[in-house]
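The values are calculated or read from the model by the stated rules, or taken from the named source; none is laboratory data. Just so it is clear, the structure is predicted and the values come from calculations on it, not from any experiment. Neighbour counts run over all protein chains shown; Cβ positions are idealised from the backbone, glycine included.
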Amino acid sequence: MKLYCLSGHPTLPCNVLKFKSTTIMLDCGLDTTSALYYLPLPLVHSPRLSKLPGWVSKDGTVNLEKELKECAGRVFVDSQPEFCLPERELLDLSTVDVILISNYHCMMALPYITEHTGFSGTVYATEPTFQIGRLLMEELVTFMERVPKAQSATCWKTKEIQRQGCILIVMLPGPLKDAVDVWSWRTCYSMQEVNSALSRVQLVGYWQKVELFGAVQVTPLSSGYSLGSSNWIIQSHFEKVSYVSGSSLLTTHPQPMDQSSLKNSDVLILTGLTQIPTANPDGMLGEFCSNLAMTIRAGGNVLVPCYSSGVIYDLLECLYQFMDSANLGTTPFYFISPVANSSLEFSQIFAEWLCQNKQSKVYLPEPPFPHAELIQTNRLKHYTSIHGEFSSEFRQPCVVFTGHPSLRFGDVVHFLELWGKSSLNTIIFTEPDFSYLDALAPYQPLAMKCVYCPIDTRLNFHQVAKLLKEVQPLHVVCPEQYTQPPPAQSHRSDLMLELQPPPVAYRRCSVLGLPFRRRHERIQLLPELAKALVPSEIKPGISVATVSAVLQSKDNKHVLQPVPKPIPVPPSKKRKRLLEEVPELLTPKPLLSGAIPLDAFLASLHKSGVTEVKVEETAGGHILHLQAEDALIQLEEDATHIVCDTNEPLRATLRDLVLRFLHKL
Amino acid sequence: AGQDVGRSCILVSIGGKNIMLDCGMHMGYNDDRRFPDFSYITQNGRLTDYLDCVIISHFHLDHCGALPYMSEMVGYDGPIYMTHPTKAICPILLEDFRKITVDKKGETNFFTSQMIKDCMKKVVPLNLHQTVQVDDELEIKAYYAGHVLGAAMVQIKVGSESVVYTGDYNMTPDRHLGAAWIDKCRPDILITESTYATTIRDSKRCRERDFLKKVHETIERGGKVLIPVFALGRAQELCILLETFWERMNLKAPIYFSTGLTEKANHYYKLFITWTNQKIRKTFVQRNMFEFKHIKAFDRSYADNPGPMVVFATPGMLHAGQSLQIFKKWAGNEKNMVIMPGYCVQGTVGHKILNGQKKLEMEGRATLEVKLQVEYMSFSAHADAKGIMQLIRMAEPHNILLVHGEAKKMAFLKDKIEQEFNISCYMPANGETTTVTTNPSVPVDISLNLLKREMALGGPLPDPKRPRTMHGTLIMKDNSLRLVSPEQALKELGLSEHQLRFTCRVHLQDPHSDTDTLSRIYSHLKSVLKGYAVQHLPDSTVMVESIVLKVSSSAEEPDLKVVLLSWCFQ
């Protein structure tokens, strides 16, 4: 069993598991943090961004003024943003049989994997994951295609520039130094590629057992993180691998996490822990509400950059209760995204995937999420973009939810330009995927207030330690980031995984041999064969039976059938063929075991008419002289030797007598 | 439901587990025969000890009507499985049913509202394709059945034995539901409904066109159309049908449906949209099919409004409630029309007018003259004979058991199934037990070494002309069965091998030296025994396969050679 690790991002994993004869890809997350190195894509022409100075190295040797622009003391690439893909060279992606998706954030690289790589397998995902994943991809494509960039910058990536441009790298935002894979960065896919990729998805339900080629069974389990999010069990009859990705034990909207099914795993692959281990989501939610109220009361607007599905449902539900109690019931909420309406509608129809108390609402029948009521009472309005109806209808002060949280594309760019200059307004970051300082860098100087309340409901280290103690996997595999404290808090040894035996850590491009060996396989004995077996008890409670049968292996399922009766071949013809076949049908030497007790053996000799026996003791046992028959039997503890000349019937009798005391295996 | 429609309740015993499939009531009876005979299961006491679980296929009362009676009045505390939509809708229908029987007919000794609530607390929701482990051995899995919202087929599995129960299902997608689907799960028994065992229905399009034409004609001549429906199921399909027709034809006549249940029902359809068909699911964001533009809530006073209109009203058999009230008002005008889209039980007004009765006796000795047109149109969503055969082909069962149909029709279908699939088919009556013996194979754990060795020897492709025989030792210990190679078995059991050898002496006259004799024997054997391994070993022995030959002679008689032949037990 081997694990190929194609992504180094701990919450956007992409691993490939080779197990038995199958090749299974576990998630394919797309790292969009690379977009932070690019200039924002404004929806309407921005004089500020278009007038930025180009960048020339200090000594003037490197001139990239067309591609790189300086903004607020940092250098940005002026181009269509590109994303960091999972590694595509480590193994041939066309050999991947299936892709298992754990949640909609972890499938965003799907079109890069399934298209143009020769991939011909199946993708398994739950229905909410599939539907919302499609919405998020659609949104991403729309964001990109709505504001096409004339140029796509590639010069800055070329080798010489990278080599010479140490200066450049120093000047770029810090993490670019680690971003060595710039060559593999790609621009966004097209809608056509999305559709083609999604046509390979097969929908599954929680606890649905899916057989892969008869060799392996995979089962999605509820993981409690988002609508339809799942962990996966990959098992054969004897081995069990658990894949834990993006799980939550907090009570939010999704169905709670199933922990007990993870028990007794040989290997547990652990990814997608919280990215902000120091923040408590409940506390953050409180801070979010109080900052929001403060801004609105002072007459300012609140901007919440967020994804179109997920935490936004919880935020809306929280605000639904909070706004009335804070006497701000008339403040309008705007949700602006190409998929805003779809996202809100879809959230209401997945009752089966929701937590108990939301589920029971549907029985009344009432919509499970209160945002239906917000929409009905016109307090929440959704628009596909800032163009059109929105511009005429919108009232201030208000709360705007819009994407993309990287602040590089989407409608959020417009709101930053619009509201950034006034200190009355506030931007509240709730998504944990991007560093808010890096995200804001191209907008500096900014008068707007910034509040950082990242809400990440995924497991923290304390919860994970408890979980692992409970489910007791033999081995744990995790990204290397989890085996040491975060770089910014190197003294916090509680912010890492400490396990006995220590977890096996991986990084991008690792290939791990997973430490267990397969010993057994399941096989079916046909009833006719099973009936014909003759078991004998060797030791108390242990019986054995010799099995001679024909093995049939089909679709990785093995069946033992009784040996067919040899077809009588007419002896005259084809004698040669017959001779050839004889050795094949011969049974190999059966193994015998046991010992022959002398007295009992003599008694049975006597019974079968052999009376004149002279017993002689030797070092290893006895020699029996059968005087009348002129034969010798040498009995030792684990060997018997019968010497007799041409008396065939006697030999057969003696053989049967001896065999009576031995076990055949 | 043995050789009968209604009162579906089937008991399955499989691998030591007892499962009740559906727990329905009979619409045609008002006495004890209304509910299944639970004393058949246990004479005294509660069912909990006897049943491992109860599974309800869908919310129709002939499949779940006796549930509160069974769980609360007879006594059952174990799990009851049903899908989410069924769990949502079933208590409403039960409550409705209870109101009619208790409040209107004044029956006592019937379950109460509280009992329905208590009963629903025992329900465990079931998702499609989810494998639910009822206990360590018993597992169940639901498949989409398409009959009504949330209808499911269930697969019940214990060890290697399995049963599939279809409930009611529909193999052709209709306007709001998809078609039933099941994988090739090869159950030992398939228990299938057979309502339409002998019919192959004409195309649905024709019936729909017919329906629309009749409605349209009546509207054109200024008449009113009454469609008595049950709140859920057909009502939604017909609403969609009329809605799209109105839109296309740009008709202005109002369509109403009676308030209360039907309106609520539309809401259920909206929330459970994932259970409807592909088309509705795809377009629901832009246009939710269950938000009707042309169909408005009905108010009592509208019935007297002049001009044409279409009204959906409950209940479907015209035996009480709003539909009957409207019928009374409109019956006298021959311009009007009533369309009965479903089956009517004997004794109801619906049944009478369908049989052409023109004068109805009403309470208070008044008679009602029926002048309006009466039309019957079946939109019932059951599989027809073709559909049943299609499902059998899908699941490939070893045996078939027919339920939920009329005996005569069943017998016809039984013959057809036995002919076409050559598998046995049963059709037990109520109270009859059918026993089917299965012949399961025995699962064994084989050592990977042995399996790999054997598969390598067998070559990459199996050769049917030359079957290879595999030898192994089956070790039975505690409850495990393991198949290993004999050598490994010896090692594992801590036994030593016992060698059994045979030797015999053959005397022959040969003047050559011992070694020459041996070489001569060697070359002779080599020429005779083609196809066997014959070896001449340096320690002056000859081996034929595993047989050892040695030559010796005594000093006194050098010409008399003694050939020692020694071999192992084979």
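Regarding the range A:278-287, can at least one residue be identified that is touching a residue at least 24 places away in the same chain (Cβ under 8 Å) and hydroxyl-bearing (Ser, Thr, Tyr)?
Within the range A:278-287, one or more residues are touching a residue at least 24 places away in the same chain (Cβ under 8 Å) and hydroxyl-bearing (Ser, Thr, Tyr).
When you go through (1) within 13 Å of chain B (Cβ to nearest Cβ); (2) more than 18 Å from B:CYS568 (Cβ to Cβ) one by one for A:LEU626, which number turns out not to apply?
(1) is the only condition that A:LEU626 fails.
Within the range B:151-176, count every residue that is touching a strand residue (DSSP E or B) at 6+ places or on another chain (Cβ under 9 Å) and among the basic types (Lys, Arg).
1
If I filter the range B:301-320 down to residues being outside any loop (DSSP other than H, G, I, E, B) and in contact (Cβ under 8 Å) with a residue 12 or more places away in the chain, which single residue comes out as surrounded by the fewest Cβ atoms within 10 Å (Cβ to Cβ)?
B:ASP304
How many of the residues making up the range B:104-150 are hydrophobic (A, V, I, L, M, F, W, C) and either out of contact with any Asp or Glu (no Cβ under 9 Å at 6 or more places or on another chain) or within 11 Å of chain A (Cβ to nearest Cβ) (or both)?
Total meeting the criteria: 10.
Assuming B:VAL132 fulfils every condition listed in (1) free of Cβ contacts under 8 Å to residues at least 40 places away in the same chain; (2) within 22 Å of A:LEU221 (Cα to Cα); (3) of a type in the set (A, V, I, L, M) apart from one, which condition is it?
Single failed check for B:VAL132: (1).
Consider the range A:588-613. How many of its residues are assigned to a loop (DSSP other than H, G, I, E, B) and within 14 Å of chain B (Cβ to nearest Cβ)?
8
List every residue pair whose Cβ atoms sit under 7 Å apart, with the two residues 6 or more apart in sequence or on different chains, where the first one lies in the range B:497-521 and is within 14 Å of chain A (Cβ to nearest Cβ) and the second, anywhere, is assigned to a helix (DSSP H, G or I).
Correct list of pairs: B:GLU497/B:LEU490; B:LEU500/A:VAL658; B:PHE502/A:ARG651.
The rows are residues; the columns are (1) under 33 Å from the mean Cα position of the chain (by Cα); (2) of a type outside the set (A, V, I, L, M, F, W, C); (3) not in a strand (DSSP E or B).
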| residue | (1), (2), (3) |
| --- | --- |
| B:ARG209 | yes, yes, yes |
| B:LYS214 | no, yes, yes |
| B:LEU232 | yes, no, yes |
| B:GLU237 | yes, yes, yes |
| B:TYR268 | yes, yes, yes |
| B:PHE292 | no, no, yes |
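Based on this model, can you work out whether B:ARG281 counts as within 14 Å of chain A (Cβ to nearest Cβ), charged (D, E, K, R), assigned to a loop (DSSP other than H, G, I, E, B) and out of contact with any Pro (no Cβ under 8 Å at 6 or more places or on another chain)? Full working, then the answer.
Details: within 14 Å of chain A (Cβ to nearest Cβ): yes; charged (D, E, K, R): yes; assigned to a loop (DSSP other than H, G, I, E, B): no; out of contact with any Pro (no Cβ under 8 Å at 6 or more places or on another chain): yes.
No.
Could you pull out every one of the helices (runs of 4 or more DSSP H) wholly within the range A:317-424 that has 3 or more residues that are aliphatic (A, V, I, L, M), at pLDDT 90 or above and over 28 Å from A:LEU437 (Cβ atoms)?
Numbers: elements: A:340-348, A:356-362, A:371-376, A:389-393, A:412-419.
Counting at least 3 such residues, we get A:371-376.
Listed here are the residues, each with its yes/no results for (1) at pLDDT below 85; (2) under 17 Å from the mean Cα position of the chain (by Cα).
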site	(1), (2)
B:MET389	no, yes
B:HIS398	no, yes
B:HIS404	no, yes
B:MET410	no, no
B:LYS414	no, no
B:MET427	no, yes
B:GLY431	yes, no
B:GLY459	yes, no
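Where the second residue is in a helix (DSSP H, G or I) and the first is more than 15 Å from A:LEU624 (Cα to Cα) and lies in the range A:644-658, which pairs have Cβ atoms under 9 Å and are six or more apart or on separate chains?
Final answer for the pair search is none.
With the requirement that a residue be out of contact with any helix residue (DSSP H, G or I) (no Cβ under 8 Å at 6 or more places or on another chain) and of a type in the set (Val, Ile, Thr), what does the range A:401-438 give you?
Result: A:VAL412, A:VAL413.
Being crowded, with 18+ Cβ neighbours inside 10 Å, out of contact with any Gly (no Cβ under 9 Å at 6 or more places or on another chain), of a type in the set (A, V, I, L, M) and free of Cβ contacts under 8 Å to residues at least 24 places away in the same chain, is that true of even one residue in the range B:344-358?
Within the range B:344-358, one or more residues are crowded, with 18+ Cβ neighbours inside 10 Å, out of contact with any Gly (no Cβ under 9 Å at 6 or more places or on another chain), of a type in the set (A, V, I, L, M) and free of Cβ contacts under 8 Å to residues at least 24 places away in the same chain.
With (1) at pLDDT 85 or above; (2) in contact with a strand residue (DSSP E or B) (Cβ under 7 Å, 6 or more places away or on another chain); (3) under 25 Å from A:HIS9 (Cβ atoms); (4) surrounded by fewer than 17 Cβ atoms within 10 Å (Cβ to Cβ) as the list, and A:ALA215 as the residue in question, which single condition is left unmet?
Of everything listed in (1) at pLDDT 85 or above; (2) in contact with a strand residue (DSSP E or B) (Cβ under 7 Å, 6 or more places away or on another chain); (3) under 25 Å from A:HIS9 (Cβ atoms); (4) surrounded by fewer than 17 Cβ atoms within 10 Å (Cβ to Cβ), A:ALA215 misses just condition (3).
Residues to consider are A:SER229, A:SER236; find the one that is buried (at least 18 other Cβ atoms within 10 Å of the Cβ) and touching a helix residue (DSSP H, G or I) at 6+ places or on another chain (Cβ under 8 Å).
Of the residues listed, the single one that is buried (at least 18 other Cβ atoms within 10 Å of the Cβ) and touching a helix residue (DSSP H, G or I) at 6+ places or on another chain (Cβ under 8 Å) is A:SER229.
Which one is nearest to B:ASP445 (Cα to Cα), of the residues in the range A:504-546 that are part of a loop (DSSP other than H, G, I, E, B) and at the interface with chain B (Cβ under 7 Å from one of its Cβ atoms)?
A:ARG519
Would you check if there is a residue in the range B:353-374 being touching a Cys at 6+ places or on another chain (Cβ under 8 Å), within 29 Å of B:ARG175 (Cα to Cα), at pLDDT below 90 and outside any strand (DSSP E or B)?
Our first condition is that a residue be touching a Cys at 6+ places or on another chain (Cβ under 8 Å); within the range B:353-374, this holds for B:354.
Still in the list and also within 29 Å of B:ARG175 (Cα to Cα): B:354.
When the remaining residues are screened for being at pLDDT below 90, the result is B:354.
Still in the running and outside any strand (DSSP E or B): B:354.
Looking through the range B:353-374, at least one residue is touching a Cys at 6+ places or on another chain (Cβ under 8 Å), within 29 Å of B:ARG175 (Cα to Cα), at pLDDT below 90 and outside any strand (DSSP E or B).
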